[in-house]
Amino acid sequence: MPPVCAFLIRQLHSDYAAAWPQIVEDVQRIVDDCAELGIVIAGPDGTGDPQIDIANGICFNGDADTDSSNSPLRIPPPLADDGNWPDQTAVHFQVDTGAMPYDLAVRTALLRLLRHAGDAARLAEADGDWAEAIHMHLRLFGPLNDRIRSVLDYATQASPA
C-alpha cells in the first residue's frame with residue numbers, strides 16, 4: 001500500500017488564521033528548496049506552477065510529465081467565521097503521493113502545518129517514512145517541537161501496517 005497522509009484542519013480556529021501567513025511562507029520555502037534538490041513541484045494536476053497563495057490556499061503535486069505525480073496536497077486558507085459553522089468543525093484531507101519524489105515536500109509542509117496551527121490541525125494517519133522530511137525540516141527550520149513529535153508519534157503508531 002502506498003504512503004498516505006491524512007490530516008484534519010479546523011479552518012475557523014483562531015490559531016489557524018493567525019498561523020496562516022507563516023504556513024504559506026514556509027511552504028514556499030520548502031517548494032523552493034525542493035527545486036534546488038531537483039524535485040519538481042507542480043500545480044494540482046501535475047502541470048504548471050504550484051498554488052501557494054494567502055487567499056486561495058496551498059495546492060501542489062509532483063511532475064506529471066515524468067509520471068511523478070499522484071494526488072495533490074491541498075491545504076485550504078482559513079475561513080471567516082460567519083456564524084453558520086460550529087467552531088469545532090474540522091475538514092478531513094488526504095494525500096497519497098505514491099512515494100513519488102514530491103512526498104518530501106508534502107511531509108515537510110505537514111510538519112510546518114502542525115508546528116504553526118496548534119490545536120487547529122492534526123495528523124489522522126501518517127504511513128510511510130518521515131525521516132527525509134524531518135531532515136529537511138531540521139535543515140530549513142530547526143528542530144521539531146514537542147507537539148510535532150507527539151502528534152507524529154501518535155499518527156505513525158495509529159496507521160495501519
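The values are calculated or read from the model by the stated rules, or taken from the named source; none is laboratory data. Note that this is a predicted model, so its numbers are computed, not measured. In this analysis, Cβ positions are derived from the backbone assuming ideal geometry, glycine residues included, and neighbour counts consider all displayed protein chains.
Suppose the filter is on the phi < 0 side of the Ramachandran plot and crowded, with 16+ Cβ neighbours inside 10 Å; does GLN11 pass it?
Values: on the phi < 0 side of the Ramachandran plot: yes; crowded, with 16+ Cβ neighbours inside 10 Å: yes.
The answer is yes for GLN11.
Got a sec? Which of ARG139, ARG112 is crowded, with 21+ Cβ neighbours inside 10 Å, on the phi < 0 side of the Ramachandran plot and at pLDDT 90 or above? Before the answer, list the steps.
Numbers: ARG139 fails: crowded, with 21+ Cβ neighbours inside 10 Å.
Within the list ARG139, ARG112, the selection yields ARG112.
So which residues in segment 33-45 are surrounded by 14 or more Cβ atoms within 10 Å (Cβ to Cβ), of a type outside the set (Val, Ile, Thr) and over 22 Å from GLU125 (Cα atoms)? Quick ask: steps written out before the conclusion?
Our first condition is that a residue be surrounded by 14 or more Cβ atoms within 10 Å (Cβ to Cβ); within segment 33-45, this holds for 33-34, 39-44.
Next, only the ones that are of a type outside the set (Val, Ile, Thr) stay: 33-34, 42-44.
Selection gives ASP33, CYS34, ALA42, GLY43.
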Restricting attention to segment 7-44, and to residues there that are modelled with pLDDT of 95 or more, out of contact with any Phe, Trp or Tyr (no Cβ under 9 Å at 6 or more places or on another chain) and of a type in the set (D, E, K, R), which single residue is farthest from PHE60 (Cα to Cα)? GLU36
